[in-house]
């Protein structure tokens with residue numbers, strides 16, 4: 001898979017940290033479908049943070065400055 005990273009490293013760290021907090025909240029403070037929805041959203045944020053590529057950002061044409 002070929003893609004161009006479009007998320008800067010600071011934002012990548014923020015996405016990973018925020019996703020950990022969201023997953024923790026979803027697993028400890030909620031139950032039922034909301035819990036699974038929060039965890040699924042957190043997994044999506046982790047993936048965009050680890051890979052450095054955000055499909056939504058790519059749709060609007062966001063690119064990293066060189």
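Nothing in this text is a laboratory measurement; each read-out follows from the coordinates by a stated rule. Only a predicted model underlies this, so the values are computations on that prediction, with no experimental measurement involved. Positions of Cβ are backbone-derived with ideal geometry, glycine not excepted, and every protein chain shown enters the neighbour counts.
Tabulated data
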quantity: Residues of region 1-44 satisfying the condition of being over 30 Å from residue 64 (Cβ atoms), in contact (Cβ under 8 Å) with a residue 12 or more places away in the chain and in contact with a helix residue (DSSP H, G or I) (Cβ under 6 Å, 6 or more places away or on another chain); calculated: 26
quantity: Filtered residues of region 26-38 (kept if more than 13 Å from the chain's Cα centre (by Cα), surrounded by 13 or more Cβ atoms within 10 Å (Cβ to Cβ) and in a helix (DSSP H, G or I)); calculated: 26, 27, 35, 36
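Per-residue answers, yes or no, for (1) exposed (fewer than 11 other Cβ atoms within 10 Å of the Cβ); (2) part of a helix (DSSP H, G or I):
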{"residue": "6", "(1), (2)": "no, no"}
{"residue": "18", "(1), (2)": "no, yes"}
{"residue": "24", "(1), (2)": "no, yes"}
{"residue": "40", "(1), (2)": "no, yes"}
{"residue": "43", "(1), (2)": "no, yes"}
{"residue": "48", "(1), (2)": "no, yes"}
{"residue": "65", "(1), (2)": "yes, no"}
